[in-house]
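Everything below concerns the one structure shown next.
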Amino acid sequence: MKVKNSMNETIERDARGNLAIVDESSDGTKAIPVVLVTKNASGEFEYTGASGGGSGQDGKSAYEIAVENGFEGDESAWLESLKGADGAQGPKGADGTNGAKGETGEPGFGTEEQYNDLVARIEALESKGVE
């Protein structure tokens, strides 16, 4: 089999006995670059570097595709259209832990003077017949 190596790289056998084009750097590191193998008109296999096709044109945005498919409205309206209805209420979560104990508050009863004033008001209301 004739092989034309247009990459001008070494062709070696790997550990399994397969032929591979090997790219060796100055520090001795070897790598097998990505290659394309084609058969030319003479029936020879040619190894050529796969340098890629360069950058292509930017594709259409999802919004542009939506407009092409009949969506009417600006991009903000389209984004809003992607939101679905609210889902069903989820199950009740577990109770949380109790908080820290608060400080002791003031006594619940006022002064004796405040108590006597309150009793006098109630008695005044009861004597007027208000219940």
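Taken together, the values in this text are just the output of simple stated rules run on the coordinates, not laboratory data. Since the model is a prediction, treat every value here as computed from it, not as a measurement. Neighbour counts are summed over all protein chains in view; Cβ atoms, including those assigned to glycine, are modelled from backbone coordinates with ideal geometry.
Applying a 10 Å radius around every beta-carbon, put 82-94, 112-124 in order of their mean neighbour count, most first.
Descending packing order for the listed peptides: 112-124, 82-94.
Given 0.36 nm per residue, what is the gain on full extension from GLU72 to LYS128 after removing their alpha carbon distance, in nm?
Fully extending the segment from GLU72 to LYS128 adds 12.6 nm.
What does the extension gain come out to for THR104 and ASN40, with contour length at 0.36 nm per residue minus their alpha carbon separation?
Result: 13.6 nm gained on full extension.
In nm, give the distance between the simple-model label positions of ALA85 and ALA62, each being 7 Å from the Cα along the Cα-to-Cβ direction.
2.2 nm
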